[in-house]
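Colleague: Would you mind keeping the following structure in view while I ask a few things?
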Amino acid sequence: MMKTKRLLTTMALAVGMTLQAQTHEFVIQTKKVGAEIQPTMYGLFFEDINYAADGGLYAELVKNRSFEFPQHLMGWKSFGKVTVKDDGLFERNPHYVRLAYAGHPHKQTGLDNEGFFGIGVSRDAEYRFSVWARIPDGKEAGKIRVELVDTKSMGEQQAFATATLDIDSKEWKKYQVVLKSPVTNPKAVLRIFLASPQTVDLEHISLFPVDTWKGHENGLRKDLAQALADLKPGIFRFPGGCIVEGTDLATRYNWKNSVGPVENRPLNENRWQYTFAHRFYPDYYQSYGLGFYEFFQLSEEIGAEPLPVLSCGLACQFQNPNADAHVPVCELQDYVQDALDLIEFANGDTTTTWGKLRADMGHPAPFNLKFIGIGNEQWGSEYPEHLEPFVKAIRKAYPDIRIVGSSGPDSEGKQFDYLWPEMKRLKADLVDEHFYRPESWFLGQGARYDGYDRKGPKVFAGEYACHGKGKKWNHFHASLLEAAFMTGLERNADIVHMATYAPLFAHVEGWQWRPDLIWYDNLRSVRSVSYYVQQLYGLYKGTYVLPLTMDKRPVTGAEGQDGLFASAVIDKDKNRYIVKVANTSDKAQSIRLTFDGMKKKAALTAGRCVKLASPDPDKDNTLDAPSAIVPRESALTVEAQGAQVEIEPNTFAVYIFEL
């Protein structure tokens, strides 16, 4: 009996070892070149949530710089004799402050600004302070003293950088001075003293790093913009999703308010200000300093096609179930005109009204807009009814512009099934699909697009992220499943023309939604593992799909495929094959990569592998450990027409073969 048990145990171990050592053969058909991969395939979705604009990508360091918040001194502390006035220079930002003599030589008048969770400054960096100012009595010049201070300092002086400005005109005039910080301080305060007996009026008080992205004065935070450029994005969608709709129509994102002189762009209440009572930020407004001109400019500078999205006249339907919250279809003309005017702003000749404004802002050449989105996550019959007038008007005036419609807020279900045929009926060029779903959904969607109608609109996977069940935060396992899911996007590049992860940005002290692609505080930023997944797809996009099968089936994580997902492409520009594999199982897998159909004299000349892996599935990069999980590259041994590789458990790998 004991001998029999030992024999059975030995046989079981042998079978287990055989299964463990089983080699999966992936056959890549090199002769059957498939769909072209669009330049727009992988890109960026920007929305001002989690303090992504003011306090984030937009480099302005002063909160409520024009005193237009409903509580006009929110973000400021005033001392001495400070009054808020409302007859200022800028029509759409009329408020300003008047600093007057405090009435005693040993009292002070002035203001402190807290910034966004503090004002972050770096040692030896320069900061440009600017202000519109005047002396209202028009007599002797006034003076202000500008300081960067550490209110928690134990030193003799709180101020660590100081400058003075002489205000010498009765008329409003812009003044500026550069402050150089001798220290690094993530929580500094901007302090302004009235430094003369003369009364001084101040408006649009601003502080920017001199070293912004590309050196623009109304610029972007350099590290965050660089992180976007490093993704090599093909498409850049802006200004967001739900903020396009607004909590109500009065607070929708209005692109026309976001262009022109920055001092005269009116304040807007952020759609996310009141949405999350459990993470509440009542001072969350949009200065519009980061506006459509800046979005178009950034798109150009990072090499991405711009994709602006505009309101279709429907306020957020999650927040507004009643029809009277929306614009009736018969009254949509102003909204339709907004869309036509936007195209003129982006592409119009400088003799046109909106093309001239673009030129006046510094960009005479057109931005070459090719795409426009109308509406966000709308649903029901209301949406196609509202979309139709836009489609007709845009097709008539600008037939080459490609229109992006929506399939609603869900990845499947009643509204999804209703809207897709409606988008086909209206002949939308692309349909925006959204999916924030758990692990099980991503594991089951490897073949999602295999059965889509190839004759209908193309797919824009416009917002997606894996939300771990009970783990709604960034962690490696969720990123791995996103990588697995994306093999299906790539394999179906004939139908999927765009894909963007969401949301993009989050301030560690101001987030309301997670997971997010890039996190930051006032001075540092960190790229999540999901960021590196997106980057690997962007860097190794290829030009055409190559059919890849295992046992004559696509590798989609289906039953019997041991948790493997895979896709293959050829990069004709760089003369190489690229295979992406996600192993979502907890065991190592041996894979034979066979490139079938190569010409007799053709051969693989070199190979390398880039892998993302972590022994802890709940781990991610942090501000203190930004490189905890990053892509690791190694050489591959190649044969003339293939390679034998092993992919570790819970690993995403990109295999690159030179020809």
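Colleague: For segment 112-127, name all the residues that are open to solvent by 60 Å² or more (accessible area, probe 1.4 Å) and in contact with a Ser or Thr (Cβ under 9 Å, 6 or more places away or on another chain).
Modeller: Answer for segment 112-127, where residues must be open to solvent by 60 Å² or more (accessible area, probe 1.4 Å) and in contact with a Ser or Thr (Cβ under 9 Å, 6 or more places away or on another chain): Arg123, Asp124, Glu126.
Colleague: Can you name the residue in segment 50-87 that is among the small types (Gly, Ala, Ser) and surrounded by fewer than 21 Cβ atoms within 10 Å (Cβ to Cβ) and, of all such residues, is nearest to Lys187 (Cα to Cα)?
Modeller: Start the filter on segment 50-87 by keeping residues that are among the small types (Gly, Ala, Ser), which leaves 52-53, 55-56, 59, 66, 75, 78, 80.
If we keep only those that are surrounded by fewer than 21 Cβ atoms within 10 Å (Cβ to Cβ) as well, we get 75, 78, 80.
Working: Gly75: 14, Ser78: 19, Gly80: 24 Å.
Within segment 50-87, the match that is nearest to Lys187 (Cα to Cα) is Gly75.
Colleague: Shifting gears a bit: Taking segment 467-496 as the search range and keeping residues that are closer than 20 Å to Lys619 by Cα and of a type in the set (Gly, Ala, Ser), which one is nearest to the chain's Cα centre (by Cα)?
Modeller: Residue satisfying both the conditions and the ranking: Ser479.
Colleague: Any residue in segment 319-331 that's loosely packed, with under 15 Cβ neighbours inside 10 Å: show its pairings with residues that are not small (Gly, Ala, Ser) at Cβ separation under 9 Å, as long as the two are six or more apart or on different chains.
Modeller: Ala323/Glu382; Val329/Glu382; Val329/Glu385; Val329/His386; Val329/Glu388; Val329/Pro389
Colleague: Could you check how many residues of segment 565-584 are open to solvent by 10 Å² or more (accessible area, probe 1.4 Å) and assigned to a strand (DSSP E or B)?
Modeller: The qualifying residues number 4.
Colleague: In segment 128-177, which residue that is aromatic (Phe, Trp, Tyr) and closer than 19 Å to Glu114 by Cβ is surrounded by the most Cβ atoms within 10 Å (Cβ to Cβ)?
Modeller: That would be Phe129.
Colleague: Okay, next question. Suppose we filter segment 10-29 for residues that are outside any helix (DSSP H, G or I) and either hydrophobic (A, V, I, L, M, F, W, C) or at pLDDT 95 or above (or both); how many remain?
Modeller: 6
Colleague: Same structure, new question: If you go through segment 263-284, how many residues are in contact with a strand residue (DSSP E or B) (Cβ under 9 Å, 6 or more places away or on another chain) and acidic (Asp, Glu)?
Modeller: Of the residues in that region, 2 qualify.
Colleague: Given the criterion part of a helix (DSSP H, G or I), open to solvent by 40 Å² or more (accessible area, probe 1.4 Å) and either at pLDDT 95 or above or more than 22 Å from Ala566 (Cα to Cα) (or both), identify the matching residue among Tyr452, Tyr436, Tyr418. Before the answer, list the steps.
Modeller: Details: Tyr452 fails: part of a helix (DSSP H, G or I); Tyr436 fails: part of a helix (DSSP H, G or I).
Of the residues listed, the single one that is part of a helix (DSSP H, G or I), open to solvent by 40 Å² or more (accessible area, probe 1.4 Å) and either at pLDDT 95 or above or more than 22 Å from Ala566 (Cα to Cα) (or both) is Tyr418.
Colleague: Oh, and also: With under 24 Å from the mean Cα position of the chain (by Cα), closer than 18 Å to Phe460 by Cβ and open to solvent by less than 40 Å² (accessible area, probe 1.4 Å) as the only criterion, which of Ile401, Ile394 stands out?
Modeller: Ile401
Colleague: Could you give me the residue pairs with C-beta distances under 9 Å whose first residue belongs to segment 267-293 and is within 13 Å of Ala53 (Cβ to Cβ) and open to solvent by less than 50 Å² (accessible area, probe 1.4 Å), whose second residue is in a strand (DSSP E or B) and among the small types (Gly, Ala, Ser) wherever it lies, and which are 6+ apart or on separate chains?
Modeller: Close Cβ pairs (under 9 Å, with a partner that is in a strand (DSSP E or B) and among the small types (Gly, Ala, Ser)) amount to Gly289/Ser206.
Colleague: For Gly219, state whether it is free of Cβ contacts under 8 Å to residues at least 12 places away in the same chain and either of a type in the set (Gly, Ala, Ser) or farther than 30 Å from Leu314 by Cβ (or both).
Modeller: On the way: free of Cβ contacts under 8 Å to residues at least 12 places away in the same chain: no; either of a type in the set (Gly, Ala, Ser) or farther than 30 Å from Leu314 by Cβ (or both): yes.
Answer is no for this residue.
Colleague: A follow-up question, please. Would you please list the contacts, defined by Cβ atoms under 8 Å and residues six or more apart or on different chains, that run from a residue in segment 149-165 that is of a type outside the set (S, T, N, Q) to a residue that is part of a loop (DSSP other than H, G, I, E, B) and open to solvent by less than 60 Å² (accessible area, probe 1.4 Å)?
Modeller: Matching pairs, first to second residue: Asp150/Val183; Phe160/Asp150; Phe160/Ser153; Phe160/Ser181; Phe160/Val183; Ala161/Ser181.
Colleague: Next question. Can you name the number of the only condition in (1) out of contact with any Lys or Arg (no Cβ under 8 Å at 6 or more places or on another chain); (2) at pLDDT 95 or above; (3) among the hydroxyl-bearing types (Ser, Thr, Tyr); (4) farther than 30 Å from Ser122 by Cβ that Thr605 fails?
Modeller: Here Thr605 clears every test but (2).
Colleague: Please go through (1) closer than 30 Å to Phe505 by Cα; (2) touching a residue at least 40 places away in the same chain (Cβ under 8 Å); (3) open to solvent by 50 Å² or more (accessible area, probe 1.4 Å); (4) not charged (D, E, K, R) for Pro197 and return the number of the only condition it doesn't satisfy.
Modeller: Of everything listed in (1) closer than 30 Å to Phe505 by Cα; (2) touching a residue at least 40 places away in the same chain (Cβ under 8 Å); (3) open to solvent by 50 Å² or more (accessible area, probe 1.4 Å); (4) not charged (D, E, K, R), Pro197 misses just condition (1).
Colleague: Which residue, of Asn368, Asn376, is of a type in the set (S, T, N, Q), open to solvent by less than 20 Å² (accessible area, probe 1.4 Å) and within 25 Å of the chain's Cα centre (by Cα)?
Modeller: From the options Asn368, Asn376, the qualifying one is Asn376.
Colleague: So is Thr109 at pLDDT 95 or above, among the β-branched types (Val, Ile, Thr) and open to solvent by 10 Å² or more (accessible area, probe 1.4 Å) or not? Steps first, answer last, please.
Modeller: Working: at pLDDT 95 or above: yes; among the β-branched types (Val, Ile, Thr): yes; open to solvent by 10 Å² or more (accessible area, probe 1.4 Å): no.
Considered against the rule, which asks whether it is at pLDDT 95 or above, among the β-branched types (Val, Ile, Thr) and open to solvent by 10 Å² or more (accessible area, probe 1.4 Å), Thr109 comes out as no.
Colleague: How many residues does segment 32-75 contain that are over 30 Å from Leu546 (Cα atoms) and of a type in the set (A, V, I, L, M, F, W, C)?
Modeller: Taking segment 32-75 first, the residues over 30 Å from Leu546 (Cα atoms) are 46-75.
Okay, now just the ones that are also of a type in the set (A, V, I, L, M, F, W, C), so 46, 49, 52-53, 57, 59, 61-62, 67, 69, 73-74.
The total comes to 12.
Colleague: I need the full set of residues from segment 274-303 which are assigned to a loop (DSSP other than H, G, I, E, B) and out of contact with any helix residue (DSSP H, G or I) (no Cβ under 9 Å at 6 or more places or on another chain), in order please. Before you say what the answer is, go through the steps one by one.
Modeller: Of segment 274-303, the ones assigned to a loop (DSSP other than H, G, I, E, B) are 274-284, 287-291, 303.
Tyr274, Phe276, Ala277, His278, Arg279, Phe280, Tyr281, Pro282, Asp283, Tyr284, listed by residue number.
Colleague: Just for segment 538-564: of the residues that are in contact with a helix residue (DSSP H, G or I) (Cβ under 9 Å, 6 or more places away or on another chain) and more than 25 Å from Ala606 (Cβ to Cβ), which one is surrounded by the fewest Cβ atoms within 10 Å (Cβ to Cβ)?
Modeller: Of everything passing the filter in segment 538-564, Gly563 is surrounded by the fewest Cβ atoms within 10 Å (Cβ to Cβ).
Colleague: Can you tell me which residues in segment 484-533 are acidic (Asp, Glu) and open to solvent by less than 10 Å² (accessible area, probe 1.4 Å)?
Modeller: Glu490, Asp516 - these are the residues of segment 484-533 that are acidic (Asp, Glu) and open to solvent by less than 10 Å² (accessible area, probe 1.4 Å).
Colleague: What is the one condition in (1) over 22 Å from the mean Cα position of the chain (by Cα); (2) in contact (Cβ under 8 Å) with a residue 40 or more places away in the chain that Glu300 does not satisfy?
Modeller: (1)
Colleague: So in segment 19-36, with the set limited to residues that are among the aliphatic types (A, V, I, L, M) and open to solvent by 10 Å² or more (accessible area, probe 1.4 Å), which one is nearest to the chain's Cα centre (by Cα)?
Modeller: Looking at residues that are among the aliphatic types (A, V, I, L, M) and open to solvent by 10 Å² or more (accessible area, probe 1.4 Å), I get Ala35.
Colleague: Answer with yes or no whether Leu190 is crowded, with 24+ Cβ neighbours inside 10 Å and over 27 Å from Gly260 (Cβ atoms).
Modeller: Judged against the criteria, Leu190 is not a match.
Colleague: Here's something else I'd like to know. Looking at the structure I just gave you, is Tyr464 under 25 Å from Thr247 (Cβ atoms), open to solvent by 10 Å² or more (accessible area, probe 1.4 Å), within 26 Å of the chain's Cα centre (by Cα) and modelled with pLDDT of 95 or more? Full working, then the answer.
Modeller: Numbers: under 25 Å from Thr247 (Cβ atoms): yes; open to solvent by 10 Å² or more (accessible area, probe 1.4 Å): no; within 26 Å of the chain's Cα centre (by Cα): yes; modelled with pLDDT of 95 or more: yes.
Against the criterion (under 25 Å from Thr247 (Cβ atoms), open to solvent by 10 Å² or more (accessible area, probe 1.4 Å), within 26 Å of the chain's Cα centre (by Cα) and modelled with pLDDT of 95 or more), Tyr464 does not qualify.
Colleague: Okay, next question. Looking only at residues that are among the polar types (S, T, N, Q) and more than 30 Å from Tyr537 (Cα to Cα) in segment 226-262, which one is least open to solvent (accessible area, probe 1.4 Å)? Reasoning before the result, please.
Modeller: Of the residues in segment 226-262, the ones among the polar types (S, T, N, Q) are 226, 247, 251, 254, 257-258.
Next cut, more than 30 Å from Tyr537 (Cα to Cα) only: 247, 251, 254, 257-258.
On the way: Thr247: 42, Thr251: 18, Asn254: 34, Asn257: 40, Ser258: 0 Å².
The extreme case among them is Ser258.
The values are calculated or read from the model by the stated rules, or taken from the named source; none is laboratory data. If you're wondering where the values come from, they're calculated on a predicted model, not measured in any experiment. Cβ coordinates were reconstructed from backbone atoms using ideal geometry, including for glycine residues, and neighbour counts include every protein chain displayed. All accessible areas refer to the heavy atoms of the entire protein, side chains included, with ligands and DNA or RNA removed. Shrake-Rupley method; radii C 1.70, N 1.55, O 1.52, S 1.80 Å.
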